[in-house]
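So the structure is just underneath, and the comments pick up after that.
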Amino acid sequence: MSPVFPMLTVLSMFYYMCLRRRARTATRGEMNSRRAIESNTRALPINVEIVQYAKEVLDFSSHYGSENSMSYTMWNLAGIPNVYPSSGDFTQTAVFRTYGTWWDHCPSARLPFKRTPPTFCSQDYVELAFEEPVYPTAVHILETYHPGAVVRILACSANPYSQNPPAEVRWEILWSEAPAKVNGPQARQFTPCIKQINFPTNLIRLEVNSSLLDYYTELDAVVLHGVKERPVLSLKTSMIDMNDIDEDEDEEKYGCGMDNLNKQLSIVTLREWPTNGYFDKLPYELIQLILSHLTVPDLCRLAQTCKLLYQHCCDPLQYIHLSLQPYWARINDTSLEYLQSRCTLIQWLNLSWTGNRGAISVSGFSRFLKVCGSELVRLELSCGHFLNETCLEVITETCPNLQELNLSSCDKIPPQAFNHIAKVGSLKRLILYRTKVEQTALLSILNFCSELQHLSLGSCVMIEDYDLIASMMGAKCKKLRSLDLWRCKNITESGIAELASGCQLLEELDLGWCPTLQSSTGCFTNLARKLPNLQKLFLTANRSVCDTDIEELAANCTRLRQLDILGTRMVSPASLRKLLESCKDLSLLDVSFCSQIDNRVVLELNANFPNVFIKKSFTQ
């Protein structure tokens, strides 16, 4: 036999493996991506493509708008386009709460979790339901202002309109890319090349990262194209990029290291251990340091290599800080059960976005905290819709050292459940954005949690009297450094006076979209005089802010870094120049829709103060 023949056989097998993988994963980038592979999908003649807009918005992590309005809310993503193809800032679009990196440079900014995989960069999400389950052939996202935030599109096997809940809920990534800077804020239709999946779906999830944007991204509608029958593929391969032969095979095999954790551990206990190589010659601490750079799935895989590394990978010291948010789609009760023995020393735990649609039960969460909660200092539970009163009670009973609790967008927790938080007197940070906390519970929390330094009450619509809340803060929370009162509807100059007098350490204050505050009462000048440490002040959409307020800020708050006065009609270019000359550290100034500040003034200010990002939004 010719010596060339075995080589051809090996090459043929390699070529077959590449084709097989390509058929399974399709393409992950846009059509012009260097990693794309040319393909052609031929459906059966009777398999007519269905085109449908989102029927309903099921869930989301944040939005710019109010809970009692449609302006700038995620609910605008349902139905046909309201704005597209127009470009600009329109209230009829869906807008997330943040953009850029400004929020990472505030006094309220939280330290990031280590070991976050580089492929996970999502900051927000929205889930959309469609009428008909289909095998997706395309997803069109209509972006009308500052596009480029979408970084991941996923499809779910669960039908939100089915009467019978599925035995298993699967999420598949249709498309994923790192954040990319898009030139210009103009509208566009974003149509990435999506992967084919082996189940029909009518539940699509968009995940976004707005860190590279110069302003809020605005989405108008999402269009799902698909067929009722699974299409037959005809692949015409033009090239195979060697960069595609990577670790994704392992991700699919091991389910991101979490789904098959039970199987992996059982394999470890049954097979014979190989030799330890030279690792047993290294100091224990050095091996621990090396392994501290691995993600959780990688630790699970490495534990199968030898007994020595198994011991290191299961050492509770490797799990002092643990973020499971990147694996939200695969975390369930079984995952938590197998992590229990490794997390007995855990101090930071991030379960944000996890556990929804029955993946984590109340009993499973409770069992985990009873074993692992004693040393817990920080607990992130954003968008945890499995949480109920029992869960909050367990948190307060099993986490005596808790200092930070994030319940952002946990809108399924009943109002009475928040009373339990008052038992955690050591709290320093509490995030209740978009929750149903009521006034009585909040007053109790403020009364007993006097160590609070960071408090977020944005969009808490069930609080009846914010003046009373502000008065309690001024009396009890003397260490408060940041306070988010975004869209609180009834705070007045009286509450602001009590707050400014009692919480003089405040460095960050968000009073955006608080319509009951009027500059004529002197509330903003009082703030400027009483709070000299202010670094961030948002007075968004308060049309009464005037030159006097800006001049008081210039005179008293020289450490100011971020100021949002979007929408005011009373501020002149002269007062802004005084502010910019006085506040040398100012880096963000939002003057969008300020009628006296036109584009010519913005250009002049940008030229004279190049270190300040001066934002002027527009509508066409």
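The values are calculated or read from the model by the stated rules, or taken from the named source; none is laboratory data. Remember, predicted model here, so these are calculated numbers, not experimental data. Here the Cβ is made from the backbone with ideal geometry for all residues, glycine too, and neighbour counts use every protein chain on show. Heavy atoms of the whole protein, side chains included, go into the accessibility calculation; ligands, DNA and RNA do not. Shrake-Rupley method; radii C 1.70, N 1.55, O 1.52, S 1.80 Å.
Per residue of the chain, the DSSP helices (runs of n ≥ 4 H) give a summed -39500 (n - 2.57) that works out to -7500 deg cm²/dmol at 222 nm.
Counting residues in the range 88-182 as N, plug N into 2.2 N^0.38 Å and put the Cα Rg over that result. Its radius of gyration relative to the 2.2 N^0.38 Å reference: 1.34. With the convex hull drawn around the C-alpha atoms of the chain, the volume per residue stands at 188 Å³.
The stretch between SER162 and LEU212 holds 14.1 nm of extra length on full extension. This uses 0.36 nm per residue minus the Cα-Cα distance. Of the accessible area of the range 49-227, computed with a 1.4 Å probe over protein heavy atoms only, carbon and sulfur atoms account for 50 percent. Summarising the overall dimensions of the range 490-619 from its C-alpha atoms, the Rg and Dmax are 13.6, 41 angstrom. Neighbours of ALA555 by Cβ distance under 10 Å: Lys/Arg scored +1, Asp/Glu scored -1, total 0. Exposure check, 1.4 Å probe, all protein chains in place: GLU229 carries approximately 110 Å² of accessible surface.
Surface listing: ARG301, ARG205 arranged by accessible area from highest to lowest gives ARG301, ARG205, probe 1.4 Å.
For the range 134-230, the square roots a ≥ b ≥ c of the C-alpha gyration tensor eigenvalues yield an a/c of 1.5 or more together with a/b exceeding b/c, which makes the shape prolate.
Computed extension gain for ASN198 through ARG357, at 0.36 nm per residue and net of the alpha carbon distance, reaches 55.2 nm. Of the cross-linked pairs LYS114/LYS281; LYS489/LYS530; LYS55/LYS615; LYS423/LYS489; LYS412/LYS584; LYS370/LYS412, those separated by over 32 Å at the C-alpha level are LYS55/LYS615; LYS412/LYS584. Exposure check, 1.4 Å probe, all protein chains in place: MET70 carries approximately 100 Å² of accessible surface. Applying 1/(1 + (r/R0)^6) with R0 = 35 Å to the Cβ-Cβ distance of LYS55 and ARG301 gives a FRET efficiency near 0.30.
DSSP finds beta bridges in the chain, and of those with both partners inside it, around 55 percent are antiparallel. Sites count as exposed loop sites when they are chymotrypsin sites (Phe, Trp or Tyr not before Pro), lie in a DSSP loop, and have at most 14 other Cβ atoms within 10 angstrom; the longest stretch of the chain without one is 279-617.
Hydrophobic long helices, here whole DSSP H runs in the chain with Kyte-Doolittle means of at least -0.5 and Cα atoms spread over 18 Å or more along the helix axis, are found at 4-25. For the residues THR558, THR217, a 1.4 Å probe over the protein chains yields an accessible-area ranking, largest first, of THR558, THR217. With N the number of residues in the range 433-562, Rg(Cα) / (2.2 N^0.38 Å) evaluates to 0.97. In square angstrom, what is the accessible area per residue of the chain with a 1.4 angstrom probe? Per residue, the chain has an accessible area of 43 Å². Between VAL461 and GLN416, what's the calculated FRET efficiency when r is the beta-carbon distance and R0 is 25 Å? Round to 0.05. For R0 = 25 Å, the calculated efficiency reads 0.95.
Note: relative contact order over the chain, using C-alpha pairs below 8 Å and six or more positions apart, is 10 percent.
Could you give me D for the range 49-227, from Stokes-Einstein at 37 °C and 0.692 mPa s, where the hydrodynamic radius is the Kirkwood radius over C-alpha pairs? Units µm² s⁻¹, please.
After rounding, the answer is 196 µm²/s.
Just to confirm a number: summing +1 for Lys and Arg and -1 for Asp and Glu over residues other than VAL139 whose beta-carbon lies under 12 angstrom from that of VAL139, what do you get?
Value of the local net charge: +3.
I'd like the FRET efficiency for GLU581 and LEU505, computed as 1/(1 + (r/R0)^6) with the beta carbon distance as r and R0 of 30 Å, rounded to 0.05. That pair, GLU581 with LEU505, gives E of 0.70.
Loop-located GluC sites (Glu not before Pro) in the range 147-190 (DSSP state other than H, G, I, E, B) with a sparse environment of at most 14 neighbouring Cβ atoms within 10 Å: GLU168. Could you check how much of the accessible area of the range 536-620 is carbon and sulfur, as a whole percent, using a 1.4 Å probe? The nonpolar share, carbon plus sulfur, comes to 48 percent. Length available on full extension from LEU286 to GLU389: 0.36 nm per residue minus the Cα-Cα distance, which gives 32.7 nm.
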